[in-house]
Each structure stands twice: as C-alpha cells, then as structure tokens.
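See below for the structure under consideration.
The values are calculated or read from the model by the stated rules, or taken from the named source; none is laboratory data. All figures in this text were calculated on a predicted structure; none of them were measured in a lab. Quick reminder, even Gly has a Cβ in these numbers, built from the backbone with ideal geometry, and neighbours come from all protein chains shown.
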Amino acid sequence: MRVVVHVLARWSGAIFVLVREVNNVLLETKLAQLPAGLASRQLRDRVNHADDRMLFRINPYAFAEEAGVPADRAIELLLRASALGLVRVEWSLVCRGCGECAASHFKLSELASTFHCAACATDRMTNLHKQVEVGFTVHPEIRALRYAHPESLELEDFFFGYKFSSNILVRGEGVRLVDYLRTHTQILTRLAPGGRATADVVLEEGWVVGSPRAKLTVIGARVSDTREVELVFDGRAFEPRPTIAPGPVRISVRNDSANPLPVLLYFTPIVTYFDYVPLLSGQRLLNTDDFRRYLGTEVVRPGTGIPTRDNTLLFSDLSGSTAIYDRIGDAAAFELVSAHFESLARMVTRHSGVVVKTIGDALMASFSHPADAVRAALEMGDALVGLTEPLSLKIGIHRGDCLVVNIRDSVDYFGQMVNVAARVQSCARAGDVCLTAAVHDDPEVLELLKPFGDIPAERHLLRGIGDEQVVYRLRPA
Ligand SMILES: [Zn+2]
C-alpha cells in the first residue's frame, strides 16, 4: 500500500483534467423562463465555462459583485433559478468553532435543531442567523459537479473546496480561512483502513488541530531533537492529544477505523477568531420576500423549531376597522382592508422584510435588521393618509432570539420573543409605533429616531410576560 502525503509546494504543479458536460438544451429552456435583465446571461456564462468550484454553493453576494448587479437582484435570480430547477438552494451547517461545514441539505425541512461537528466532537445548535450559510449549487441535471461525490475529490478540493466554508476570513490575517489552512497544513493525506502516513514537521508554539478531530498543544521551551508522535484514529477522533514542546517532530497518523479517511492536520495560533465575507444566512433568506414567492413550499419539518438569533418582528393592527364594517358593510370593508394589507406588504418588502401572516386586521412581519422594521413602520402610517375612512395603525416592534417553525405549512416564528412583540403592539394607541428597548437601543435605530427628539421610556407589565418591559412610543406626524 502506498500512502502519499501531499505537501503544499507540490500542489502548484498539479494538473487537473476538467470535463464539463452541460445539458445546454435544458439550461436554455430554463434560462428562457427567467426575465431579461436579471443577470441570467452571467449565470449562463458561469454554468458553461466556470470551474466546478464556482458552481458549488454559489455565494449570491460574490456572484452579484462578479456580475455587476445589486445583491438583491442576484438573490432573486438564484431563487427563481432554484424554483425552475436550474440551481438548488443548499443550506450548509457551518461550525463556528472550526469553520467546517458539518452537513448540508437541499431542503429546509431536512434541518434539525442541532447538528454534530465531528472536527470539534461537539453538538451545536442550528442557528439560522449564525450557523446556516445558504449557497446555490447548479442542478446535477444541468451540469454534474465533481463536488457531488466528495469521497472521490482531490484532497485539496475535499478540504478547501468542500469541507470548510469559503466565507470565513481569519481575523487579523486578511485571508480566507481556506487559504490560511492551505499555507498552515502539516499533513494532508487519505488513509485506507489500517493505513499510516508520516511527516516530518517543525512545530511552533500553538496548536496543531485536525479534521477529523486531532489536537497537539505545542508549548514550552524549544527543543532540537526530533520527537516521534503517533496519532491513531479510532473511528471518532485521533488519540492521544498530547502536549509537546516546539521543535522538530515526526508525526505519524494511523487509521484504525473500517473506512477510508481523508486527514488534514494544520497549525493554528492558540487564539484564532473568524470574520465573514458578506453571505446569505438562513435567517436572511427566510426574511426575503422572494424566498416565499418562489420557494414558498419550503418549510421547516413539522414539530421542529430551528433557533434563530436576533430576529426582528413587527406586529400591526388596524384601529377603527370594526366601526367601518358597520358603516360601509362587510364587502366594502374587506376591499379596504385587503388594499391596506397589500400596501403594507409593499412597504415591508421595500425594507427587506417579509410578511409572515395576516390575522383578521393584524399583520406580522419579520426582518433581519431592526432599523429596516422601524423604517417600514414609519412609512406604514402614510399608507392610510388620504383614505376617506378614519383608520389608523397600532404597531409594535421587538427583536430577539426565537424559533423558526412550521405553522399550517408556512414558515412562522415561535417563542417568548414573539409573545413580547405581539404584546408590545397592544401597548400602541391609534397611530403609535411602540418599540422595545432592544429595538430602540440599536445604533442605526437611534440614528433614525433623532427627528423625534427625546423619547421617554415607559414601563409596561405585559400580559403573560413576567418581566416589566421598557417601551418607547413614537407618534409619527
Ligand atoms: Zn467544529
């Protein structure tokens, strides 16, 4: 048996034979269904000519930049292309501890509330805001990608193209994590069951960590003698996890499991923080109107709650509508209320939010940023100007952590944060916009509220909510 330990310097000489087979008839049929001016030409070029890597988990923000179009246009294009089966939405669960994509799914309903990162040997919460990165992968019927078969990928493609998220930057280094890993690789190899590989390395103070899980803590006074370290994979992690002094080390890795094993060991300073390039989080996607419009059947599995952090919810209620039903009759009142909802929905969408549902005269909307919700709320009052009937809105906004759930086969929200948002709305009198402190104290919201001068903080005990809530009341002119 021959085991090859790849060394970075040799990669540059690697020769790849690329075979691109594009189903042009199908591609053109689907592209023809997309409206002109939506960067579909750039998508066609990419599918026809780009390397597989560029068609696998496409980051819509990077695509937008390359195509020279606004990001929301690129997101709309890719969502419409998903609905047509030209690309597929890929929900990747990325571990914020190590940067590995622990799992990815083509359906929202395949997400569970937790996932397991084998590299960190830890269960993590599926947080749509922080852990779920959405990319778009070309449909296999259009073009088969080698990433569809990760087990047969070249090792560098497996780890730096497939396994680790390419959206992560190493703070202070100004480089992508995948590029950083390339230059800090100690061992990169594929071990057959029972296989073994050895590499001579000179370790600096820090950590050598691995995928799958391995860890050498390098600390103390440098030594000049070469030490021998053997790490054995038992099917779960490499053991032992020794502490050794900096200096030359001969590291052996052995695969005692029954399966072939790609191995990456890399050096990292003891503290490494991550930053992120602009990316489409699961939360942001769910707050995109185009997602509901084109992929409205995509829902969370019934009975499952997927956590999302720092989501903003807006509740509105139409004040004075009951009297109008009496005066102008049900049919005319219904038309009026329907027109009102349509107008509110346009404002929600314009400010990067999404209407979750309407109940009677009330509306619930969701946003990724509190300032967007406040902007929408301030505009909503205008929607009623000019009506012959004396109607006004009562609006409440709150932000926080909640669960994304499936209610009547639709994406909805659940949790105490949702209750608080609804109750804050009930604090509003006709024409008011009531904000909780969490919304009010956001720096961008404070900037928006400057024209309102000093807004006094009110304290309210809300029905069903234990703690008193601080509420700020806006009375738009
Ligand atoms: Zn991890």
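Only residues that are farther than 21 Å from residue 164 by Cβ and buried (at least 22 other Cβ atoms within 10 Å of the Cβ) were counted across the range 98-118, and they come to 1.
For the range 87-97, what are the residues that are within 16 Å of the ligand (Cβ to nearest atom) and either free of Cβ contacts under 8 Å to residues at least 60 places away in the same chain or surrounded by fewer than 23 Cβ atoms within 10 Å (Cβ to Cβ) (or both)?
Of all residues in the range 87-97, those within 16 Å of the ligand (Cβ to nearest atom) come to 92-97.
Once the filter is applied, which keeps residues that are within 16 Å of the ligand (Cβ to nearest atom) and either free of Cβ contacts under 8 Å to residues at least 60 places away in the same chain or surrounded by fewer than 23 Cβ atoms within 10 Å (Cβ to Cβ) (or both), the range 87-97 yields 92, 93, 95, 96, 97.
When residue 163 is tested against (1) basic (Lys, Arg); (2) closer than 20 Å to residue 298 by Cα; (3) out of contact with any helix residue (DSSP H, G or I) (no Cβ under 6 Å at 6 or more places or on another chain), just one condition goes unmet, and that condition is (2). Residues in the range 71-94 include none that are more than 22 Å from the chain's Cα centre (by Cα) and modelled with pLDDT under 95. The criterion of at least 3 residues that are touching a Lys or Arg at 6+ places or on another chain (Cβ under 9 Å) and touching a residue at least 24 places away in the same chain (Cβ under 8 Å) is met by the following strands (runs of 3 or more DSSP E) wholly inside the range 391-451: 392-406, 433-436.
Mind counting the residues in the range 120-149 that are more than 19 Å from residue 168 (Cβ to Cβ) and either more than 20 Å from the chain's Cα centre (by Cα) or assigned to a helix (DSSP H, G or I) (or both)? Break it down into steps so the answer makes sense when it comes.
The first filter runs over the range 120-149 and keeps only residues more than 19 Å from residue 168 (Cβ to Cβ), leaving 121, 123, 138-146, 148-149.
Checking which are either more than 20 Å from the chain's Cα centre (by Cα) or assigned to a helix (DSSP H, G or I) (or both) leaves us with 121, 139-146, 148-149.
Final tally of qualifying residues: 11.
What pairs come out if I take residues in the range 253-274 that are over 16 Å from residue 202 (Cα atoms) and pair them with residues that are aromatic (Phe, Trp, Tyr) and not in a strand (DSSP E or B) whose C-beta lies under 8 Å away, six or more apart or interchain? Qualifying pairs under 8 Å: 262/158; 262/159; 264/159.
So how many residues does the range 95-118 have that are aromatic (Phe, Trp, Tyr) and either over 17 Å from residue 150 (Cβ atoms) or in contact with a Leu (Cβ under 9 Å, 6 or more places away or on another chain) (or both)? If you could, list the steps in order and put the result at the bottom.
To start, the set of residues in the range 95-118 that are aromatic (Phe, Trp, Tyr) comprises 106, 115.
The next check asks that each one be either over 17 Å from residue 150 (Cβ atoms) or in contact with a Leu (Cβ under 9 Å, 6 or more places away or on another chain) (or both); those that pass are 115.
Count: 1.
Every condition in (1) closer than 23 Å to residue 414 by Cα; (2) touching a Leu at 6+ places or on another chain (Cβ under 8 Å); (3) modelled with pLDDT of 95 or more is met by residue 233 except one, and the failing one is (1).
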